[in-house]
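Working notes for the structure below.
Nothing in this text is a laboratory measurement; each read-out follows from the coordinates by a stated rule. Everything numeric in this text was worked out from a predicted model, so none of it was measured. Backbone-built Cβ (ideal geometry, glycine too); neighbour counts: all protein chains shown.
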Amino acid sequence: MKSARHRFLVTSILIGLLLALSMSSPADEIRCSPELRPTGSNMPSAVVWSDDFNDGDMDGWETWEYFGGDVNFTVVDGIVYSGGDGINMASHDSNVAYGTWSFDILIGGYQLSGVNFINDATGMGYGLRFCIESHNGIGQSSIQLIKDYPEVLLAHRVMNPSGWNNITVTRDNTGYFCVYDDENLIIEAVENSITTSVDVLFVFEESADCGFDNVVVSDTVDMDKAPPRFLQEPTDQTIQFGETFYYKLNASDYTGIDTWAIVDWSSGVSDTSTFAISSNGLITNLVDLEIGVYDLEVTVTDTLDNSRSVTFSLSVEAAGPAFDSTMLVVAGGGIAVIVIVLVMFLKKRS
Ligand SMILES: [Ca+2]
Ligand SMILES: [Ca+2]
Ligand SMILES: [Ca+2]
């Protein structure tokens, strides 16, 4: 793949001229197009490049076969099909490293198909793998988000990707990835070590009956069906009897956090009278707490009504251990030695 990439890079200057002429304008007939987000407070969607192949060609794409054989792509009825038994590769200039990538991909063969939607100039990037078989230690069909190269599994969803998949990937400027299949959130991950891109690369291995269409790349996050994510996962807490409880939770969301809520389930029913949570995630107790364990559930909701809940416990323990007189004797002895040494030192100086 490396040599193929180099070949691509060498010719990219010439291709760049062609690209400027042949790049499609934003498609006006995007099948299964993502519902454009965000709403008011965010930047409008900004399509950087797209191709729906409805003109019947792959102008703007560099195609090759991994082992140097004949590449086998055909455009039929505005859809790119991959054929033969080689590894067909197709790349397109793309400088987007944060934003939205959407495309339709047909997984019809076996083995492995993939899209590296971010590739930097050194060949490092991020991609999706559509796995009919075991891959990266996942012994079932799956869609995998990977870092490449070498390939590292970041997150995955066990599912059968056979047939057409409408995929949307978003990455915000914190490196937070969301992957949607038919607009359902299937994968989340945070990885922010690779920050630039030079191209997008489709790879179809032993690839009969695979294909792709409707590639749209924008430099804005155009879909947010993900709930807020906790920046630190809430953990079980302990306080002493008589103490006030303060616990600050931190969450992030692309379109913004709307509400926080907390419920105490200790009695087996929903109780909202014992604890409160502020609009920025600070939990406090509303009443004096008894010794025991409180089972708490916090729900954080974004401005688009996507919410995530987490449960943890608060243990209220009896105040510290009873006074131990032997400790005082030991401590007193220590202090006496320090005083004697200090007196001797001062005497010596005077
Ligand atoms: Ca075209
Ligand atoms: Ca098409
Ligand atoms: Ca959200």
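Residue ranges 308-315, 126-133 sort as 126-133, 308-315 when ordered by packing (mean number of other C-beta atoms within 10 Å per residue, highest first). One chain, two ends: Thr196 and Asn280. Fully extended at 0.36 nm per residue, the span grows by 27.0 nm beyond their Cα-Cα distance. Cβ-Cβ distance of Glu243 and Asp271, R₀ of 22 Å, FRET efficiency by 1/(1 + (r/R0)^6): the value works out to about 0.65. Among rounded, prolate and oblate, which fits the range 229-317 when a ≥ b ≥ c are the square roots of the eigenvalues of its C-alpha gyration tensor, a/c under 1.5 means rounded, and a/b larger than b/c means prolate? In terms of gyration-tensor shape, prolate. Each label point was placed 7 Å from the Cα along the Cα-to-Cβ direction; for Val310 and Phe230 their separation is 0.3 nm.
Based on other C-beta atoms within 10 Å, arrange Asp70, Asp213, Asp181 from fewest to most.
Lowest to highest Cβ neighbour count: Asp70, Asp181, Asp213.
Placing pseudo-labels 7 Å out from each Cα toward the beta carbon at Ala155 and Val293 gives an inter-label distance of 2.9 nm.
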